[in-house]
Amino acid sequence: MDFSLDHFPVDLVLLALVAAFLALRLRSVLGKRVGIQPPTMPVPPRADAAPRVVENKVEPVGPAVEYDVPSPGTRVGQLLVEINQQDTAFTPQQFLMSVQTVFSQVVEAYAQGNRDVLQTYLTPAVYNSFDAAIATREAAGQKQRTDIQAVRSLAIEDVRLTKLDVGLGVAIDVRIVSDQISLVEDQAGQPVTGTDAVTEFSDMWTLERLLGVGGSGWRLAAARSA
């Protein structure tokens, strides 16, 4: 085999040295990963980031809803952990998301006088008070007009657990902040109470449920301004 310089591939050796130098530089800059690395997961687009299209018109994107859950180190947070131990399907975040949905349905049902929906989500005592208010409104020929513009935040304020013979009673107080147009109009369509301007509302809802009892779901047990 001829090893003279005339046949030695000097250019290939130089290229190999340059490639090795660049590899060492990249390694020193980027570092080294050991073992099999998981693939990079694509970041899914946020559900509230895409504008809605209604009748060929793009609606502006509303602000994201803020969910405030007490940390496990607090008294309320510890009680939420205890609820999860009794019912593993319960999570505070999912609970608040459900309350947000029910809030819109109940407010709309009350404005429309839809008693069937109200009976589904309210305790009997709260339903009776809502029903009486609707009956008074109907007898006066008045109409409630309510439009929820946005739900801004939901915060768990307090939790109470009560041991009962039939199971564990749970009550959770949730503060709901929303922007609404809410007013009552008379037979002539004139405002009686409220305003057609967007107004911030702060409501405190108490939702109750029996744990360990089949078919028991969350129901609104109290509602007041907060």
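Annotations for the structure displayed:
- Each residue, Gln105 and Ala155, gets one label point 7 Å from its Cα in the Cβ direction; the gap between the two is 2.7 nm.
- Zone of Thr146's modelled label, taken as backbone nitrogen in segment 90-108 under 11 Å from a point 7 Å along Cα→Cβ: 103-108
- Maximal additional length on extending the Arg115-Ala135 stretch stands at 6.1 nm, based on 0.36 nm per residue less the C-alpha distance.
- Centre-to-centre, using Cα atoms only, segment 173-226 and segment 101-171 are separated by 6 Å.
- Residue list for segment 198-226, given a label point 7 angstrom along the Cα-to-Cβ vector of Ala125 and an amide N cut-off under 11 Å: 221-223
- Peptides 165-177, 195-207, ordered by how many other C-beta atoms sit within 10 Å of their residues on average, highest first, read 165-177, 195-207.
- Where labels lie 7 Å past Cα in the beta-carbon direction, separation of Ser71 and Glu200 in nm: 2.6 nm
- Spacing of the modelled spin labels on Ala226 and Gln86, each 7 Å from Cα toward Cβ, amounts to 2.0 nm.
Every number here is computed from the coordinates shown, using simple stated rules; none is lab data. Everything numeric here is computed off the predicted structure, so don't read it as measured data. As a convention, Cβ positions derive from the backbone with ideal geometry for all residues, glycine included, and neighbour counts pool all protein chains shown.
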